[in-house]
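*Asks:* Here it is, the structure, as structure tokens.
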Amino acid sequence: MEPPETTRHVAATASSAMKDLAKATIAIDDPADLYPITGELLGSLRALVQVADQLAHAHMHHRGRARTDDGDAVLGAHEADGATWALVRARELLDAAGRAADLASQESGHIAWVPLGRSERWVNVVFQQGTDVDETLHILRRSGTKAAIRHLAQWDYGDETTEAALANGYVYEGIPNCPTDRVSEDRASGYALIHNPTLRYVSLLRHFPSSADDVVGASPEIEAPAASAPAFAVSRWMPSRRSGSRAVARSVSL
């Protein structure tokens, strides 16, 4: 173990702390913690940028003392140069990661998390993708969101749909969506429409009462097409099971 207050000891302590943070963030129960933790991540990345820069300079500063294990000064200097440029590259990547974390911190700071007891739950009514979504997307483009919701509502069988969603795990805390999704919520009907023209899928969700005494209820009143839907429609369009809500995620290229 390194003596206290030495540079090696400080580095080992920092490394251990980051490992502890990695373990602690495997599961975060309170989303209110996300913003401050993201802020701490940003601060750590900024500090790491400085550390990488200083390590690169230190390799150059002590280059004249570099040797290989067998005492070769030329190869030692070559290795020092290689370490320097690798650290410069690490600094650039950490700087890019810091900018991404800064953006994440700003976005996270704008979120007002709904307390668990007041959260809005939604059940999946129907999910369409591939060639099966063509008609719905056509209606959406031609007649708008409400028309598309009316079209998809024919697959809502009230209690039957709710029970199927509960049995298969298609109940979400909030409306699940990804960055390229377009979400339209119709408060009057209690439906939310998610559509993604890029990935070509649509999903209709229905607001689900949070009260334990009102788990299963009739579908919202909405004027649906006269044609009856086939009995297998709900199960046919049910997406593959997801373990939770589709969280907003950005892919940052470094």
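Matching residues to (1) assigned to a loop (DSSP other than H, G, I, E, B); (2) under 20 Å from the mean Cα position of the chain (by Cα); (3) surrounded by 14 or more Cβ atoms within 10 Å (Cβ to Cβ):
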site	(1), (2), (3)
Glu107	no, yes, no
Val125	no, no, yes
Thr131	no, no, no
Thr136	no, no, yes
Ala148	no, no, yes
Gln154	no, no, yes
Thr161	no, no, yes
Ala165	no, no, yes
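*Asks:* Separate question: Here is a check on your reading of the model: is Ala52 closer than 19 Å to Thr84 by Cα, assigned to a helix (DSSP H, G or I) and open to solvent by less than 90 Å² (accessible area, probe 1.4 Å)?
*Replies:* yes
*Asks:* For segment 175-203, enumerate the residues that are assigned to a strand (DSSP E or B) and open to solvent by 40 Å² or more (accessible area, probe 1.4 Å).
*Replies:* If we filter segment 175-203 for residues that are assigned to a strand (DSSP E or B), which is where we start, we get 182-186, 191-196, 201-203.
Within segment 175-203, Arg182, Val183, Glu185 qualify.
*Asks:* Related question: Scan segment 15-22 and tell me whether some residue there is over 22 Å from Ala97 (Cβ atoms), out of contact with any His (no Cβ under 8 Å at 6 or more places or on another chain) and either open to solvent by less than 90 Å² (accessible area, probe 1.4 Å) or of a type in the set (Phe, Trp, Tyr) (or both).
*Replies:* If we filter segment 15-22 for residues that are over 22 Å from Ala97 (Cβ atoms), which is where we start, we get none.
Checked against the condition, which is being over 22 Å from Ala97 (Cβ atoms), out of contact with any His (no Cβ under 8 Å at 6 or more places or on another chain) and either open to solvent by less than 90 Å² (accessible area, probe 1.4 Å) or of a type in the set (Phe, Trp, Tyr) (or both), segment 15-22 yields no hits at all.
Conditions (1) among the acidic types (Asp, Glu); (2) more than 26 Å from His110 (Cα to Cα); (3) within 21 Å of the chain's Cα centre (by Cα), marked per residue:
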| site | (1), (2), (3) |
| --- | --- |
| Ser16 | no, yes, no |
| Ile28 | no, no, yes |
| Leu45 | no, no, yes |
| Ala77 | no, yes, no |
| Asp81 | yes, yes, no |
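*Asks:* Give the residue, chosen from Ala96, Ala47, Ala101, that is touching a helix residue (DSSP H, G or I) at 6+ places or on another chain (Cβ under 9 Å) and touching a residue at least 24 places away in the same chain (Cβ under 8 Å).
*Replies:* Ala101 is the lone residue from the list that is touching a helix residue (DSSP H, G or I) at 6+ places or on another chain (Cβ under 9 Å) and touching a residue at least 24 places away in the same chain (Cβ under 8 Å).
*Asks:* Any idea which of Ala247, Ala231, Ala226 is part of a loop (DSSP other than H, G, I, E, B), open to solvent by 30 Å² or more (accessible area, probe 1.4 Å), modelled with pLDDT under 80 and under 30 Å from Ser105 (Cα atoms)? Don't jump to the end; show me each part of the working.
*Replies:* Working: Ala231 fails: under 30 Å from Ser105 (Cα atoms); Ala226 fails: under 30 Å from Ser105 (Cα atoms).
Answer to the selection: Ala247.
*Asks:* Determine which single condition Glu40 fails, assuming it passes every other condition in (1) of a type outside the set (Ser, Thr, Tyr); (2) farther than 30 Å from Ser15 by Cβ; (3) open to solvent by 90 Å² or more (accessible area, probe 1.4 Å); (4) within 19 Å of the chain's Cα centre (by Cα).
*Replies:* (2)
*Asks:* Among (1) over 30 Å from Gly174 (Cβ atoms); (2) exposed (fewer than 14 other Cβ atoms within 10 Å of the Cβ); (3) at pLDDT 95 or above, which single condition is Glu5 missing?
*Replies:* Among (1) over 30 Å from Gly174 (Cβ atoms); (2) exposed (fewer than 14 other Cβ atoms within 10 Å of the Cβ); (3) at pLDDT 95 or above, Glu5 violates only (3).
*Asks:* Can I ask one more? Is it the case that Val114 is open to solvent by 70 Å² or more (accessible area, probe 1.4 Å) and under 30 Å from Phe208 (Cβ atoms)?
*Replies:* Details: open to solvent by 70 Å² or more (accessible area, probe 1.4 Å): yes; under 30 Å from Phe208 (Cβ atoms): yes.
So Val114 passes the test.
*Asks:* Now, a different point. Could you say which residue among Arg63, Arg67, Arg99 is within 25 Å of the chain's Cα centre (by Cα) and either at pLDDT 95 or above or open to solvent by 70 Å² or more (accessible area, probe 1.4 Å) (or both)? Let's see the steps before the verdict.
*Replies:* Working: Arg63 fails: within 25 Å of the chain's Cα centre (by Cα); Arg67 fails: within 25 Å of the chain's Cα centre (by Cα).
Step by step, each of Arg63, Arg67, Arg99 is checked, and only Arg99 is within 25 Å of the chain's Cα centre (by Cα) and either at pLDDT 95 or above or open to solvent by 70 Å² or more (accessible area, probe 1.4 Å) (or both).
The values are calculated or read from the model by the stated rules, or taken from the named source; none is laboratory data. Please read these numbers as outputs of a predicted model, since none were measured by experiment. Heads up, the Cβs are rebuilt from the backbone with ideal geometry, glycines too, and the neighbour counts pull from every protein chain shown. Side chains included, ligands, DNA and RNA excluded: accessible areas come from the protein's heavy atoms. Shrake-Rupley method; radii C 1.70, N 1.55, O 1.52, S 1.80 Å.
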